[in-house]
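Asker: Below is the structure I would like to discuss, written out as structure tokens.
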């Protein structure tokens, strides 16, 4: 092996670490990290501003830790909340665009983000437009219900209105391996949904009651945000199925179908301006240089050493809790 090849191999871990740290907050034991939220213009000119706010990846209220806890990626809820708080203090912002590219996430996080957006609209009077990327399903769609206008791109996948609590019953496999459940509990339902044993009919009913309650909340949010829904197809709309953009438009789940230029034109109209700067918020030293540039922190995705986006947080965040989520199995 040549000297250059050996040098490249030695540098490989450094490149991997660089990818891992990209877009994340480093928590240093030697001093505070740079958490200031900054503004940058990514498109257009003028005094008026349109805030472009990405909501991408798995929606969660839990930060993700990496690199032995030295690196933390802010949760979706924290990122959106900080952005809206900053925007509320800026009188030059005439409209906010939520760029949603998410299959959903935890029930609590999606509901809180929806509440924060609705409060921002109510307290500032600034119009909010939801712009769908490739996927805005389940919790991603739930969040969009706080917007004034919902625009899907022609190839968006949306819908998946419903709740899921992932679970598995491994008791049969454990029996074959000779492994016995030896859990000690304070009550007969304390270990409900344990993968070590089969659920009883009573426990299935308990879990289903929780799902039904959270589903009713989802439906109420959709009804409030989409009063023009096709009531003749309401059961079809809310049975958990995904929908293509044209079907979503026909059924009243979205207002328009259009691309980014159409979204920005609608935002300028909503702000009652003919020109505006599109701004993004960021923290750290690396500012986004376009509307669609996303760091790992903004997208909710991790970067592998090869630079391929992977979501390694899914299993720990999605296990045994209610989710507004489409496609609960992570890609392998």
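Asker: Can you go through 81, 75 and tell me which one is surrounded by 15 or more Cβ atoms within 10 Å (Cβ to Cβ), modelled with pLDDT under 95 and on the phi < 0 side of the Ramachandran plot?
Answerer: Result: 75 is the single residue among 81, 75 that is surrounded by 15 or more Cβ atoms within 10 Å (Cβ to Cβ), modelled with pLDDT under 95 and on the phi < 0 side of the Ramachandran plot.
Asker: Next question, about the same structure. Do we find a residue being surrounded by 14 or more Cβ atoms within 10 Å (Cβ to Cβ), over 16 Å from the mean Cα position of the chain (by Cα) and over 20 Å from residue 321 (Cβ atoms) anywhere in the range 174-190?
Answerer: yes
Asker: Here is a further query. Residues in the range 151-161 that are assigned to a loop (DSSP other than H, G, I, E, B), in contact with a strand residue (DSSP E or B) (Cβ under 8 Å, 6 or more places away or on another chain) and either buried (at least 22 other Cβ atoms within 10 Å of the Cβ) or at positive phi (or both): how many?
Answerer: Number of matching residues: 2.
Asker: Please work out if residue 115 is surrounded by fewer than 19 Cβ atoms within 10 Å (Cβ to Cβ), closer than 21 Å to residue 80 by Cα and in contact (Cβ under 8 Å) with a residue 12 or more places away in the chain.
Answerer: So residue 115 fits the description; yes.
Asker: So which residues in the range 223-259 are in contact with a helix residue (DSSP H, G or I) (Cβ under 8 Å, 6 or more places away or on another chain), at pLDDT 95 or above and assigned to a helix (DSSP H, G or I), if there are any at all?
Answerer: Selection gives 225, 251.
Asker: Quick check on residue 126: is it part of a loop (DSSP other than H, G, I, E, B), touching a helix residue (DSSP H, G or I) at 6+ places or on another chain (Cβ under 9 Å), modelled with pLDDT of 95 or more and surrounded by 14 or more Cβ atoms within 10 Å (Cβ to Cβ)?
Answerer: Here the answer is yes, as residue 126 does meet what is asked.
Asker: Look through 126, 163 and report the one residue that is more than 15 Å from the chain's Cα centre (by Cα) and closer than 19 Å to residue 223 by Cα.
Answerer: The unique qualifying residue is 163.
Asker: Just name the residue that is surrounded by the fewest Cβ atoms within 10 Å (Cβ to Cβ) out of those in the range 91-112 that are outside any strand (DSSP E or B) and touching a strand residue (DSSP E or B) at 6+ places or on another chain (Cβ under 7 Å).
Answerer: Ranking the candidates gives 92 first.
Asker: Could you list, in sequence order, all residues of the range 207-226 that are loosely packed, with under 14 Cβ neighbours inside 10 Å and without any contact (Cβ under 8 Å) to a residue 12 or more places away in the chain?
Answerer: Across the range 207-226, the qualifying residues are 208, 209, 212, 213, 216, 220.
Asker: Separate question: Has the range 48-58 got at least one residue that is assigned to a helix (DSSP H, G or I) and either exposed (fewer than 13 other Cβ atoms within 10 Å of the Cβ) or modelled with pLDDT under 95 (or both)?
Answerer: no
The values are calculated or read from the model by the stated rules, or taken from the named source; none is laboratory data. Values in this document were obtained by computation on a predicted structure and should not be read as measured data. A quick note on method: Cβ atoms are made from the backbone with ideal geometry, for glycine too, and the neighbour counts reach across all protein chains shown.
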